[in-house]
Amino acid sequence: MIVSHEWLKQFAPQSKSAVEIGELLGRHCVTLDSIARIAADLSRFVVGQVVSAARHPDSDHLWITKVDDGSGEILDVVCGAPNVEQGAKYPFARTGTVMPAGLTIEKRKIRGQTSNGMLCSANELGLGEDHDGILKLDTDVAPGTSINAIFGDGDAALDLDVLPNRPDLLCHRGVAREVAAILGTSWSAAPLDDVPGEELARVNDIPTVRGTSDASSGAVSVRIENVADCPSYIAAVIRGVSVTASPKWLRERLASVGVRSINNVVDATNYVLQAFGQPVHAFDLARLTNSSIVVRSTRDGEQIVTLDGVTRNLPAGTTVICDESVPVAIAGVMGGRDSEVTDSTTDILLEVAQFDARFVRRVRKIVALNTDASYRFERGVDAGGALEIARIAAALISHVANGKVESLLEVGLAAAPQPEALLRASRLERVLGIAVAPAEIKRRLEALACTVRQSTTGDGANEVVFAVSPPSWRHDLKLEIDLIEEVARLGGFDQLPDELRPFRPGNVPDDPLYLTSRRVRNALVASGLSEVRPMPFTDKGNDQTPRVLNPLAEDEPFLRATLLDTLAKRAEYNLSRKQGDIRLFEIGDAFAASVDVLPREEMRVAVLVMGARRPAHFTDSKPPSYDLWDAKAIAERIGEVAFGDGTVGLRPGSGDLLWTVYRKGNSAADAVDAVDAERDVGEVKLLRLDSPVWAAQAFGVEIKLGTVSSDNSRGTAAVGETRCTKRFQRLPTTPAAEFDLALLVPDSMAVSKVEQAMHEIGGELLERVVLFDEFRGKEIPTGYRSVAWRLTFRHSDRTLKDKEIAGRRAKLLNALATDLGIKPRAS
């Protein structure tokens, strides 16, 4: 979207430069791609006053002038313009000045007379197309003054990368609203410098003729037959227009955004598009059969010659704008040549319509034509402002073409208000990481023209909740998070904290076993223990110990049966380096042999302590060592944190087994396991380490936290379990055979049921079933949807033959039809 800085200031008066406005928009609203000056830099030109002017003796069209350029020296300048006058002031380029076209002004002789500079025309300065004479300046400034003092610094074009969710920014008024909201200033709905207030007031006094499906005024009528594709159609009838060249101000407005001037009527419609974002179109009323507009579907064989001169075929059923007999415009895309405004046009029907975005996109692709109008309709225009735009456009055409607005007709459905959304101040604070005062939240949203009221609905008695109604042009404000983003960007994203904070990416609760392990970990760290995370492999094994087929290290090929075995090795590593004060714990998995395919996997916590109970301090230079009672206290603490206070007991053991940890019977189900009877869950024991003579006694605690579920079969996982174990499989060496199945599946049947049946019917050769499409449409029977899968078959030893694949496919279809009543979708 190209935005003129000077035009923008007509909507939102402000004193900032184009660069400052571009940076402001980039920080708060929309990406700025580039800024380009519209007019050439005039700072190198000065005001020159012609002191005298006489005919050149050797030419009948040249003048010899003496020019005061403010330097204190009167310069001889040869000029070829017919309108040079003694005493008048003109733009002057001194010797050495580089012109906008690249020419450097040099001191030279022309027909024997020396010329020291050049008096310039508007075209030579890049200020217009008039090159028949030099540009006379009506000014009192002294000679030598920079031309910028008269023309200003010039305009600049801002190239904005507007995303599809912000179609309201595809016009100057939309961007001006953002600038005003960010700066906290006011903005104008229709700049009176461009659209005279008295003309607009006269149009506003004209009553609107309304109808749901049709309306008429005098000889003009409008009818809509397809409200789904065209919800609203407004027609303004303007009579007595004079189609000529546009006034200078209008040509300059359009040129500032790269739009070519055509005539005053067409230029006015382009002005409305660029200024307000609403596409409008002018028809020659005399070229519409019976002065009628009918929005209807096309019939077989209908064609239209569009404004670009191309004959386009219109498929039957496509909504178009017609008169009483033939199409005169492709709705939302482009008008037709047979009804265009020409120099002989005197009466106009001005169209301001609303078209469904999906419909416009479909039609635009059918006719292979992309226009400024279709670009905006596809993204959504402001339905709530259509009548206002119609009045502004009619007033503008009436002003520039000397016409008179006769009537306004509005047909269709009234625009539905934007749904209200709730915004909780507490939720905003959690998302942004900073608190925003309720009054400031309200101010920022109201700056965007939202209607904001405080609601009584909230999560708590002191909850501050706002009910927000977005304006009609903000289609993207639907959810609470959308409103939070608006509050954040108006305040500036650079004001938000940049530190990482804890958050939950979804609403799925954490696994109970994870929560238990986290509580235990926090408690042990708080007790001064250090966590280790070694690999769960060991060199100690027997016939009952699970062995890994592809171990990471050949000297540790077994899955460990106890975590204390791993902690003991870490303790011996420290002792060999004369570190005898050891406080280690691990939360990890231990494995036991099972009659199933996979071993039984349990999550446990293990603690190993020895040496000083706490670090030495000048108040306690020789702290006591850990003893069996410390180990017992650690076990009790783990049981309390993991399973709840009073649910764990310890009974004395014998030998190296000091105590057995058990869970008490008849307790309620907790987060990990349901306990119906007393059972052992751990132990406290003496550890026999390979240690030096000076080392203290080591004590170990190991307690089971829960069982990790495993997929021990090819069937469905048990209820309440999750398949979390991956089998090792060799990479396939034979090619796969794939085919797709599109089936008609009842809406009441789950897709998982069909996939389970496919796996059972396909057998071992069925390697993968991937769902890739679901479709509902007119050709699908009621109560069904079309679901498509891609099936992959593979034999481990050979390439499957075509007959085998065809047989598998036929077997699948027959079995699905017999067992589930599912049939393939007809192609």
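Considering the conditions (1) surrounded by 12 or more Cβ atoms within 10 Å (Cβ to Cβ); (2) under 35 Å from the mean Cα position of the chain (by Cα), LEU800 is excluded by exactly one of them, (2). Filtered by the rule that a residue be in contact (Cβ under 8 Å) with a residue 24 or more places away in the chain, more than 25 Å from the chain's Cα centre (by Cα) and surrounded by fewer than 21 Cβ atoms within 10 Å (Cβ to Cβ), the range 348-376 gives ILE366, VAL367, LEU369. Open to solvent by 70 Å² or more (accessible area, probe 1.4 Å), within 20 Å of GLN278 (Cα to Cα) and either touching a strand residue (DSSP E or B) at 6+ places or on another chain (Cβ under 8 Å) or assigned to a loop (DSSP other than H, G, I, E, B) (or both): does that describe ALA228? Against the criterion (open to solvent by 70 Å² or more (accessible area, probe 1.4 Å), within 20 Å of GLN278 (Cα to Cα) and either touching a strand residue (DSSP E or B) at 6+ places or on another chain (Cβ under 8 Å) or assigned to a loop (DSSP other than H, G, I, E, B) (or both)), ALA228 qualifies. Residues in the range 421-430 include none that are touching a residue at least 60 places away in the same chain (Cβ under 8 Å), open to solvent by less than 20 Å² (accessible area, probe 1.4 Å), out of contact with any Leu (no Cβ under 8 Å at 6 or more places or on another chain) and not in a helix (DSSP H, G or I). When the range 513-533 is examined, which residues are found to be assigned to a helix (DSSP H, G or I), of a type outside the set (D, E, K, R) and out of contact with any strand residue (DSSP E or B) (no Cβ under 8 Å at 6 or more places or on another chain)? TYR514, LEU515, ASN522, ALA523, ALA526, listed by residue number.
Sub-6 Å Cβ pairs linking a first residue in the range 606-632 that is touching a residue at least 24 places away in the same chain (Cβ under 8 Å) to a second residue that is acidic (Asp, Glu) and surrounded by 11 or more Cβ atoms within 10 Å (Cβ to Cβ), at least 6 apart or interchain, are ALA606/GLU586; ALA606/GLU702; GLY611/ASP581; ALA612/ASP581, ordered by first then second residue. For the range 248-260, which positions are in a loop (DSSP other than H, G, I, E, B) and open to solvent by less than 40 Å² (accessible area, probe 1.4 Å)? Selection gives SER256, VAL257, VAL259. Consider GLU556 carefully, then state whether it is of a type in the set (Asp, Glu), open to solvent by less than 100 Å² (accessible area, probe 1.4 Å), within 30 Å of VAL708 (Cβ to Cβ) and at pLDDT 95 or above. Spelling it out, it is not the case that GLU556 is of a type in the set (Asp, Glu), open to solvent by less than 100 Å² (accessible area, probe 1.4 Å), within 30 Å of VAL708 (Cβ to Cβ) and at pLDDT 95 or above. If I ask for residues that are modelled with pLDDT of 85 or more and farther than 20 Å from LEU567 by Cβ, which ones from the range 519-547 would you list? ARG519, ARG547 - these are the residues of the range 519-547 that are modelled with pLDDT of 85 or more and farther than 20 Å from LEU567 by Cβ. Inside the range 568-616, can you point out the residues that are in contact with a helix residue (DSSP H, G or I) (Cβ under 8 Å, 6 or more places away or on another chain) and open to solvent by 60 Å² or more (accessible area, probe 1.4 Å)? Answer for the range 568-616, where residues must be in contact with a helix residue (DSSP H, G or I) (Cβ under 8 Å, 6 or more places away or on another chain) and open to solvent by 60 Å² or more (accessible area, probe 1.4 Å): just ARG613.
None of LEU192, LEU200 is open to solvent by 60 Å² or more (accessible area, probe 1.4 Å), modelled with pLDDT under 90 and either among the small types (Gly, Ala, Ser) or out of contact with any Ser or Thr (no Cβ under 8 Å at 6 or more places or on another chain) (or both) except LEU192. When GLU20 is tested against (1) exposed (fewer than 14 other Cβ atoms within 10 Å of the Cβ); (2) in contact (Cβ under 8 Å) with a residue 24 or more places away in the chain; (3) among the charged types (D, E, K, R), just one condition goes unmet, and that condition is (2). For LEU563, the criteria (1) free of Cβ contacts under 8 Å to residues at least 24 places away in the same chain; (2) crowded, with 16+ Cβ neighbours inside 10 Å; (3) within 22 Å of MET610 (Cβ to Cβ) hold in every case but one, which is (1).
The single condition among (1) modelled with pLDDT under 95; (2) open to solvent by 10 Å² or more (accessible area, probe 1.4 Å) that VAL280 does not satisfy is (1).
Selection of the range 194-240 for residues being on the phi < 0 side of the Ramachandran plot, in contact (Cβ under 8 Å) with a residue 60 or more places away in the chain and among the small types (Gly, Ala, Ser) yields GLY211, SER213, ALA215, SER216, SER217, ALA219, SER221, ALA228, SER232, ALA235, ALA236. Residue pairs whose Cβ atoms lie under 7 Å apart, separated by 6 or more positions or on different chains, with the first residue in the range 276-296 and free of Cβ contacts under 8 Å to residues at least 60 places away in the same chain and farther than 24 Å from ASP194 by Cβ and the second open to solvent by 10 Å² or more (accessible area, probe 1.4 Å) and polar (S, T, N, Q), are THR289/SER325.
Consider LEU387 carefully, then state whether it is within 20 Å of TRP473 (Cα to Cα), touching a strand residue (DSSP E or B) at 6+ places or on another chain (Cβ under 7 Å), surrounded by fewer than 23 Cβ atoms within 10 Å (Cβ to Cβ) and touching a residue at least 40 places away in the same chain (Cβ under 8 Å). Spelling it out, LEU387 is indeed within 20 Å of TRP473 (Cα to Cα), touching a strand residue (DSSP E or B) at 6+ places or on another chain (Cβ under 7 Å), surrounded by fewer than 23 Cβ atoms within 10 Å (Cβ to Cβ) and touching a residue at least 40 places away in the same chain (Cβ under 8 Å).
Being assigned to a loop (DSSP other than H, G, I, E, B) and more than 29 Å from the chain's Cα centre (by Cα) holds for only one residue in ASN542, ASN507, and it is ASN542. Counting residues in the range 452-467 that are open to solvent by 60 Å² or more (accessible area, probe 1.4 Å), part of a loop (DSSP other than H, G, I, E, B), closer than 20 Å to LEU163 by Cα and not hydroxyl-bearing (Ser, Thr, Tyr) gives zero.
Would it be correct to say that ILE330 is open to solvent by less than 10 Å² (accessible area, probe 1.4 Å) and closer than 30 Å to GLU199 by Cβ? So ILE330 fails the test. Evaluating SER216 against the criteria (1) more than 40 Å from the chain's Cα centre (by Cα); (2) of a type in the set (S, T, N, Q); (3) under 24 Å from ALA268 (Cα atoms) leaves one unmet condition, (3).
Scanning the range 7-35 for residues that are of a type in the set (D, E, K, R), within 16 Å of TRP187 (Cα to Cα) and in a helix (DSSP H, G or I) turns up just one, LYS9. Residues that are at pLDDT 90 or above, in contact with a Gly (Cβ under 6 Å, 6 or more places away or on another chain) and farther than 19 Å from THR139 by Cα within the range 76-104 comprise VAL77, ARG94, THR95, listed in sequence order.
Mind telling me which of the residues ARG518, ARG547, ARG501, ARG533 ends up being open to solvent by 80 Å² or more (accessible area, probe 1.4 Å), of a type in the set (Lys, Arg) and free of Cβ contacts under 8 Å to residues at least 12 places away in the same chain?
Within the list ARG518, ARG547, ARG501, ARG533, the selection yields ARG518.
Could you tell me whether ILE397 is open to solvent by 80 Å² or more (accessible area, probe 1.4 Å) and more than 24 Å from the chain's Cα centre (by Cα)? When the stated conditions are applied, ILE397 does not pass them.
Give the range 377-394 a look and list any residue that's closer than 18 Å to PRO471 by Cβ and over 28 Å from the mean Cα position of the chain (by Cα), or say none. Step through it out loud before you land on a result.
Within the range 377-394, the first condition is being closer than 18 Å to PRO471 by Cβ, and the residues that meet it are 379-389, 392.
Selection gives LEU387, GLU388, ILE389, ILE392.
Name the single residue that is modelled with the highest pLDDT among those in the range 559-582 being of a type in the set (Val, Ile, Thr) and either outside any helix (DSSP H, G or I) or out of contact with any Pro (no Cβ under 6 Å at 6 or more places or on another chain) (or both). Only one residue fits best here, namely ILE582.
The values are calculated or read from the model by the stated rules, or taken from the named source; none is laboratory data. Quick caveat: nothing in here was measured; it's all calculated off a predicted structure. Cβ: placed from backbone, ideal geometry, glycine included. Neighbour counts: every protein chain shown. When the accessible area is computed, the model is the full protein with side chains, heavy atoms only, and any ligands, DNA or RNA have been set aside. Shrake-Rupley method; radii C 1.70, N 1.55, O 1.52, S 1.80 Å.
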